[in-house]
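Q: What follows is a structure written as C-alpha cells; I'll ask about it next.
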Amino acid sequence: MNSRDVILGRVRRALAETGHDDTPYDQAVERSYLREHGERGVAETVELLAENLADYRALVHRCDADGLPGVIAGLLAERGSASVVVPPGLDESWLADTDVTRVADRAETTPHELDRVDSVVTACAVAIAETGTIVLDGGPDQGRRRITLVPDHHICVVRVPDQVVSSVPQGLARLAPERPLTWISGPSATSDIELDRVEGVHGPRTLEVILVGTV
Amino acid sequence: MSGTFVGMPAFPKAAHEAVHDATLRGNLRHATHTIRSKRAKAVAEVSDWAALREAGKRIKDHTLRHLDRYLVQLEESVTAAGGTVHWAADADEANRIVAGLVLATGESEVVKVKSMATQEIGLNEALEAEGIRAYETDLAELIVQLGKDRPSHILVPAIHRNRGEIRDIFAREMSEWGRPAPDGLTDTPAELAEAARLHLREKFLRAKVGISGANFMVAETGTLVVVESEGNGRMCLTLPETLISVVGIEKIVPTWQDLEVFLQTLPRSSTAERMNPYTSTWTGTTDEDGPRAFHLVLLDNGRTDTLADEVGRQALRCIRCSACLNVCPVYERAGGHAYGSVYPGPIGAILSPQLRGTASEIDASLPYASSLCGACYEVCPVAIDIPEVLVHLRERVAQGGPATREGNKVVLKPAKGHAAERAAMRAARWAFSHPGALRTGQRLAGRTRRFHPRTLPGPGRAWSASRDLPPVPAEPFRDWWQRTRGGKDAK
Ligand code: SF4
C-alpha cells in the first residue's frame, strides 16, 4: 500500500467512530463575524488606510493623477536612486518626469542583477484599510513577485478610492486565488531580538505608498 | 517521531534547570509579558473577536471531520495547478522524499523558511546526512542554528537569547556558514538585523531550492499560504527554481473564503499586529514567476493518531500562533526547552504526547506540565480547550486505555509503578508547587471541576482531589498543596 492510501485509510478509521455528519460545508460554519468593522464613508476609509499604513511605517503620499509623475520623480530623486525596475504593464506616464535608468522586469534577469537595482515602482491589486495592507497579484502593472522583494526601495501606487476596501473579507473577495499574491503591511520587520521591532530585514526597507486620486 | 530532543530529561528536571538560569528567565519574562499585553490590545480592536474565534473553530472542526475528502480535493487542485503532491506517513518518509527531491536537482544546499513541521521531523539533520546543507533564514532560526541551539518558542524561537548573546553568536559563527559578521558589530537590534540581512542575502540570491511549511492550504483552490514578517519567506518562496513545502495534513481549510477568518485572527494572536508585514499565497506554479517546480509533501507523523482521539483531536485545530505560550505561567518559568519538543508551552503539552505517544518519560510528564489555569484556552483563536485535553491525557497516562499509534488501535498500560508515573508526578508537583502556579491557584479549583468527570488514580489524584475542596479554598492554594502534596498523602 502506498502512503497516500495508508494516510487516507488512517483518517477514515480515525473518524469511523465519530457519528455520521453530512452537514454541508456552507451550513457547518456560522459566519456571524462582521464583513467590516465600523461604518465609514469612502473618504474615511481612505483616511484609515493612510493611517494604518503609516502606523506600520510605510511612507504615505497623496496626490491626484496629474501630480503622480512629479511625486514619483521626486521620491526617486530624494532617495538618490539611479535605477528603477518597471513592470511591463506600468502606465508609462507615471515615470514621465524622471530620467532614472529603467530596468525591465524580465524572466532572464538574475536575482544578482536585480539586487543591483535601487528602486521599483508598481501598482497594486487592492488595498485594505483596516489592516493597512496593499496586495500585489502579479498583474502587468505589478510584475513578478521578486521585483518588489529584492530592491531595497518600493514605491507602490494605489488608485483611490477604487482599489481600496475596508476589510480583509472584502479584500479576499476581490482577489483571484490562482494568481500568486503578496500581501504587504509596512516594510519587512523583525521582533526576534528581545521583541524590539526592527524595520527592514530581507524585503525592501523603505516602502512608499502613493494614494493617487481624489475622494 | 524523530523530533524528540535526544537525551531530553523529563519536564520537571528540565524545568528545574531552566528556573535556575536567570538570564533565560529574565528574557522569557520580558518577552512573554510584552507580547501578551500587545496581543490583548490587538484583539480588543476587533469587536467581533468572539465570532471570528468561533468561526475558526468550526471551520477547522468541519475540515477535520471530513479530512479524507479535503485531502483528496487538495491533491487534485494542487496537481491541476502544476504542483506535485507527495504523502509521508511519518518523519522518516518525509525526510526521504525531501532529500530525494533535493538530490534530484543536483543541488547540495537549500534555503529554508521557518517551519514547525520540518523541525518536527528533523529535516535539517536528515538532509545533512545526505550531504545537503540547509540554511535557516528566519532571523531567530538563524540565531538558533548558528548557536547550535534549540528553539524555545513557536514564534520567536530565540526568545531565550538576549542581544549580547546574539551578538557573540553572530561574531563567532557567521564566518563558518558564509559571509562573516561585520567588524565591530555591536548589540543593537538594528545592527544585528543588518548583519543577518547581509549574511543571508548571498544565500538567497544563489539559492536553487527553497523549503517551506505553510500556515494554510486551501482545498478548493490548491493555494498555500505563508504568513511572515521578515521577507525571508518571500525570498525562499520566489527566488529558487524548486520549492518544496512540507505541511501537516491538518493545515487544510476548505475554501478561499475561510482565509478571511484566519488572516484576521492569526496576526493579532501571534505578533499582536493588525496584519503581519508579508503574506504570500501561491497556487501550484506560475509561468515565469517564481519556482518552476513545486512539491507539496503532506505529512501525517502522528496526526491521524491524534485525529482518532475524540477529545484530543481538537489540538489539530491549532494555527501555531503561540498566544498560549505567552500567557502560560508554567511556560514563563520553565522555558521552551523543558518541553522537549519543537512544540513548547501549553500546545506542546497536548500535542507532543499525542503525536509521539506517551511512552517516553518526557511525553508522559508533559500533560502534567500545567496548573490548569485555563489562560491558554481563553486566548486561543481556535478555542482549543487545552485544560480539557490535558486532563484527558493525564487520565490516559495514569489509567492507560485505548489509543491509536501509527494507525493501529492499541491499549496503553497504566503508568502506575513505572518511571513514567514518577516523571508525571514530579511534573505535577513542579507545576503546582512552583510560585508560578500561585497566581492562578484560586481560579484553578473552579476550572478543574469542569474538566473532572471522575476521580483519577495515580498522578491524576492530585487533580481530582481538588474537587473536594470548598469553592475557594480557605487556605491559600500553595499552602494546601504544600500540606497535602496535591492529595498524595490522602491516597
Ligand atoms: S493552541 Fe491555540 S493559542 Fe496555542 S498556538 Fe495553537 S492556536 Fe495558538
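The values are calculated or read from the model by the stated rules, or taken from the named source; none is laboratory data. Worth saying up front: this structure is predicted, and the values here are computed from it rather than measured. Don't worry about glycine lacking a Cβ; one is built from the backbone with ideal geometry, like all the others, and counts go over all protein chains shown. Only protein heavy atoms, including side chains, enter the accessible area calculation; ligands, DNA and RNA are left aside. Shrake-Rupley method; radii C 1.70, N 1.55, O 1.52, S 1.80 Å.
Q: Ranking request for peptides A:104-113, A:88-97, B:307-316: highest mean number of other beta-carbon atoms within 10 Å first, then the rest in descending order. Present the calculation step by step, with values, prior to reporting the outcome.
A: Values: A:104-113: 13.3, A:88-97: 15.4, B:307-316: 21.9.
Highest-to-lowest ranking by the protection proxy: B:307-316, A:88-97, A:104-113.
Q: Considering every pair of different Cα atoms, what Kirkwood radius, in Å, is found for segment B:84-125?
A: Kirkwood hydrodynamic radius for segment B:84-125: 11.0 Å.
Q: Placing +1 on the Cβ of each Lys and Arg and -1 on the Cβ of each Asp and Glu in the protein assembly as shown, which of B:Thr238, A:Val6, A:Ile134 has its Cα farthest towards the positive end of the resulting dipole?
A: A:Val6
Q: Past the 43 angstrom mark, what percentage of all C-alpha to C-alpha distances in the protein assembly as shown do you count?
A: On the way: 58581 of 248865 pairs.
Counting pairs separated by more than 43 Å, the tail of P(r) holds 24 percent.
Q: How well do other chains shield peptide A:105-113, expressed as the mean number of their Cβ atoms within 10 Å of each residue Cβ? Could you put the intermediate results ahead of the total?
A: Values: counts 2, 1, 3, 1, 0, 3, 9, 4, 1.
Per-residue shielding by partner chains comes out at 3.
Q: Counting Lys and Arg as +1 and Asp and Glu as -1, each charge on the Cβ, what is the dipole of segment B:1-416 about the Cα centre in debye, to the nearest 20? Each step should come with its number before you reach the end.
A: Details: 46 positive and 54 negative charges, 208 e Å.
With only Lys, Arg, Asp and Glu charged at Cβ, the dipole is about 1000 debye.
Q: Among the lysines, select those whose C-alpha is under 25 Å from the C-alpha of B:Lys413, and discard any that sit fewer than 8 residues away in the same chain.
A: The qualifying lysines are B:Lys13, B:Lys488, B:Lys491.
Q: Is there a simple number for the mean count of other chain Cβ atoms within 10 Å of the Cβ of residues in A:25-38, and what is it?
A: Values: counts 11, 2, 1, 8, 15, 4, 10, 6, 15, 6, 2, 0, 5, 1.
That works out to 6 on average.
Q: Please compute the average number of Cβ atoms from other chains found within 10 Å of each residue's Cβ in peptide B:280-289. Kindly include the intermediate steps, with their values, before the conclusion.
A: On the way: counts 6, 11, 8, 6, 2, 1, 6, 1, 6, 10.
The mean count of partner-chain Cβ atoms within 10 Å per residue comes to 6.
Q: While we're here: Straight-line reach from B:Lys57: which lysines have Cα under 17 Å away, leaving out those fewer than 8 places along the same chain?
A: Qualifying lysines at Cα under 17 Å: B:Lys251.
Q: Moving to a separate point now. Going by average Cβ density within 10 Å per residue, which order do the peptides B:320-333, B:130-143 take, highest to lowest? Show your work: numbers first, answer last.
A: Working: B:320-333: 26.2, B:130-143: 22.4.
In decreasing order of mean packing, B:320-333, B:130-143 become B:320-333, B:130-143.
Q: Turning to a different aspect of this structure: Translational diffusion coefficient, Stokes-Einstein: compute it for segment B:86-167 using the Kirkwood radius over C-alpha pairs as Rh, at 37 °C and 0.692 mPa s, and state it as an integer in µm² s⁻¹.
A: Working: Rh = 13.5 Å.
Once the numbers are plugged in, D ends up at 243 µm²/s.
Q: Near B:Lys114, which aspartates and glutamates are there with a Cα under 13 Å away, not counting those fewer than 8 places off in the same chain?
A: Within reach: A:Asp192, B:Glu136, B:Asp138, B:Glu141, B:Glu228, B:Glu230.
Q: While we're on this one: Hey, if you put +1 on the Cβ of every Lys and Arg and -1 on every Asp and Glu Cβ in segment B:34-81, which of B:Ala55, B:Ser77, B:Ser37 ends up farthest toward the positive end of that dipole?
A: The listed residue farthest towards the positive side: B:Ser37.
Q: For segment B:1-416, what does the convex hull of the Cα positions come to per residue, in cubic angstrom?
A: Values: hull volume 53.8 nm³, N = 416.
That works out to 129 Å³ per residue.
Q: Let me ask something else about it. Between Rg and the Kirkwood Rh of segment B:16-131, both from Cα atoms, what is the Rg to Rh ratio? Could you put the intermediate results ahead of the total?
A: Numbers: Rg = 20.8 Å, Rh = 18.9 Å.
In segment B:16-131, Rg relative to Rh is 1.10.
Q: What's the magnitude of the charge dipole for segment A:17-138 around its Cα centre, counting Lys and Arg as +1 and Asp and Glu as -1 at the beta-carbon? Answer in Debye, nearest 20.
A: Details: 9 positive and 25 negative charges, 103 e Å.
Using only the charged Cβ atoms, the result is roughly 500 debye.
Q: Once you compute Rg and the Kirkwood Rh from C-alpha atoms, what is the Rg to Rh ratio for segment A:42-212?
A: On the way: Rg = 15.3 Å, Rh = 16.1 Å.
With Rh from the inverse mean 1/r over Cα pairs, Rg/Rh is 0.95.
Q: In debye, nearest 20, what is the charge dipole magnitude of segment A:114-215 about its Cα centre with +1 on Lys and Arg Cβ and -1 on Asp and Glu Cβ, if you could check?
A: Working: 9 positive and 13 negative charges, 72 e Å.
Computed about the Cα centre, the dipole is about 340 debye.
Q: Projecting each Cα onto the charge dipole of segment B:1-416 (Lys/Arg +1, Asp/Glu -1 at the beta carbon, about the Cα centre), which of B:Thr286, B:Leu412, B:Val111 comes out farthest on the positive side?
A: B:Leu412
Q: Summed for both chains, how many Å² of accessible area, to the nearest 100, are buried between B and A with a 1.4 Å probe?
A: On the way: alone 19700 and 12690 Å², together 24740 Å².
Interface area, both chains combined: 7700 Å², rounded to the nearest 100.
Q: Please work through the protein assembly as shown and write down the cysteines that have no neighbouring cysteine Cβ at a distance under 4.7 Å.
A: A:Cys63, A:Cys124, A:Cys156, B:Cys236, B:Cys318, B:Cys321, B:Cys328, B:Cys373, B:Cys380, each lacking another Cys Cβ under 4.7 Å.
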